[in-house]
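*Asks:* My questions all concern the structure below.
The values are calculated or read from the model by the stated rules, or taken from the named source; none is laboratory data. Here the structure is a predicted model, which means the values were calculated and not measured. So basically every Cβ, Gly included, is an ideal-geometry build from the backbone, and we count neighbours across all protein chains shown. SASA here: full protein model, heavy atoms, side chains in, ligands and nucleic acids out. Shrake-Rupley method; radii C 1.70, N 1.55, O 1.52, S 1.80 Å.
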Amino acid sequence: MTTNKSTPISNDCPESGILHKTRLTTPSGPNKKFQGFTKNERTVEILGGRDFYHILGVPKSANTNQVKKAYRRLAKELHPDKNKDDTDAVQKFQDLSAAYEALSDPEKRELYDRCGEDCLKKEGGGNGGGDPFASFFGGFGFGFGDNERKEIPRGADIIMDVPVTLEELYSGNFIEITRNKPVAKPAAGTRKCNCRQEMVTRQLGPGRFQMTQQNVCDECPNVKYVNEERSLEFEVEPGMVDGQEHRFVAEGEPHLDGEPGNLRLRIKTIPHPRFERRGDDLYTNITISLVDALTGFEMSLEHLDGHKVSVSREKVTWPGARIRKKGEGMPNYDNNNLYGILYITFDVEFPKNELSAEDKEGLKKILKQSSINKVYNGLGMTS
């Protein structure tokens, strides 16, 4: 993770994200910034408690989706299972979870902005006991340490297609999913569990033994499954493609003597009325009049995020002609700064009204084109 360098907040804890009641002054001079504030915003009032915006690395003007994206990215980087050598990993992750819990909820965020974390705690808005990490990634994180649990039986994975629009795949979005998950609860009595086949040796007489295979089970407390409603958030990231999956660990089918399987959400693009996607490229068709095809035209095309793409032609445009607009395709999933190509194919609509003899003669004089009566096998042409 990269962060913007800034003047330490205080001598007590310059990098911890724990802030005291103090007034901070941003560095002077051009192009100087502090925590997303421009040089014109010289001072910022920090109230008691932790600076949640600093912890998430977002400006105070960040919208809810930006907060969620920042949390999701940092949760992967700061998870204690990924930073076992860092003695402060647990505290950092707790700070991150607290920041997300406060800033992702509009009411809590308004309270925090007004009077800081101390006020949030007094009003009962902090430490709600929720698990934002589980809502993004499932109950067991990323599955760190799976190698140590290979022998534990698992329930079946649940695979579900998530219909998403091309607009969502272009700009990104968050989708909330309600999951009715079977959860094991204690019940009266006991049950047989961990059943296995074991070899048992029995002596039949002097020098005579018999080996048999028997089914051996343990006695375990009885359980029953109760459906519990859970909310999971799935981020549709810009540039994702059909078939790409997002995994929620331990949110699949339960296993009585083991761990639940995973919930796997699979991207399925809803057909778009104007654009077709092929890889990172987009394809669309524009119908123009015969007059525009012959004399040229200028128009604008509305893109998936609402911005306008200028389309113009000065030359003659024939039916099937195609132009390319670089950088107007889909964002690349691995690098959102790279965009594919938008291919525009033109169809020409011919007038349906009858032309008079004078009009026909006039057109012949203007176009100065001889009759072409070429007969050929169009399907067999390779050009």
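*Asks:* Can you spot a residue in the range 336-353 that is within 41 Å of the chain's Cα centre (by Cα), small (Gly, Ala, Ser) and within 30 Å of Glu298 (Cβ to Cβ)?
*Replies:* yes
*Asks:* Follow-up question, since we're still on this one. Tell me, which helices (runs of 4 or more DSSP H) lie completely within the range 41-159 with 3 or more residues that are open to solvent by 70 Å² or more (accessible area, probe 1.4 Å) and at pLDDT 85 or above?
*Replies:* Where helices (runs of 4 or more DSSP H) fall fully within the range 41-159 and carry at least 3 residues being open to solvent by 70 Å² or more (accessible area, probe 1.4 Å) and at pLDDT 85 or above, they are 89-103, 106-122.
*Asks:* What are the residues in the range 203-225 that are among the charged types (D, E, K, R) and either closer than 17 Å to Lys192 by Cβ or modelled with pLDDT of 90 or more (or both), if any?
*Replies:* Matches in the range 203-225: Asp218, Glu219, Lys224.
*Asks:* Please verify whether the range 297-309 includes one or more residues that are in contact with a helix residue (DSSP H, G or I) (Cβ under 6 Å, 6 or more places away or on another chain), open to solvent by 70 Å² or more (accessible area, probe 1.4 Å) and either closer than 20 Å to Glu276 by Cβ or at pLDDT below 95 (or both).
*Replies:* Scanning the range 297-309 turns up at least one residue that is in contact with a helix residue (DSSP H, G or I) (Cβ under 6 Å, 6 or more places away or on another chain), open to solvent by 70 Å² or more (accessible area, probe 1.4 Å) and either closer than 20 Å to Glu276 by Cβ or at pLDDT below 95 (or both).
*Asks:* Next question, about the same structure. What are the pairs with Cβ atoms under 7 angstrom where one residue, in the range 58-70, is closer than 13 Å to Ala99 by Cα and the other, located anywhere, is assigned to a helix (DSSP H, G or I) and of a type in the set (Gly, Ala, Ser)? Sequence gap at least six, or different chains.
*Replies:* Pairs that qualify, where the first residue is closer than 13 Å to Ala99 by Cα and the partner is assigned to a helix (DSSP H, G or I) and of a type in the set (Gly, Ala, Ser), are Val58/Ala70.
*Asks:* From Lys374, Lys325, Lys365, Lys352, which residue is over 24 Å from Ile286 (Cβ atoms), modelled with pLDDT of 90 or more and basic (Lys, Arg)?
*Replies:* Step by step, each of Lys374, Lys325, Lys365, Lys352 is checked, and only Lys365 is over 24 Å from Ile286 (Cβ atoms), modelled with pLDDT of 90 or more and basic (Lys, Arg).
*Asks:* Okay, moving on. Keeping to the range 258-284, report how many residues are touching a residue at least 60 places away in the same chain (Cβ under 8 Å) and either hydroxyl-bearing (Ser, Thr, Tyr) or surrounded by fewer than 14 Cβ atoms within 10 Å (Cβ to Cβ) (or both).
*Replies:* 7
*Asks:* Filter the range 332-373 down to residues that are of a type outside the set (Val, Ile, Thr), touching a strand residue (DSSP E or B) at 6+ places or on another chain (Cβ under 7 Å) and closer than 19 Å to Thr295 by Cα, then give me how many there are.
*Replies:* Qualifying residue count for the region: 3.
*Asks:* Which condition number in (1) farther than 16 Å from Tyr283 by Cβ; (2) open to solvent by less than 100 Å² (accessible area, probe 1.4 Å); (3) in contact (Cβ under 8 Å) with a residue 24 or more places away in the chain; (4) of a type in the set (A, V, I, L, M, F, W, C) is the one that Phe346 fails?
*Replies:* Looking at each condition in turn, Phe346 falls short on (1).
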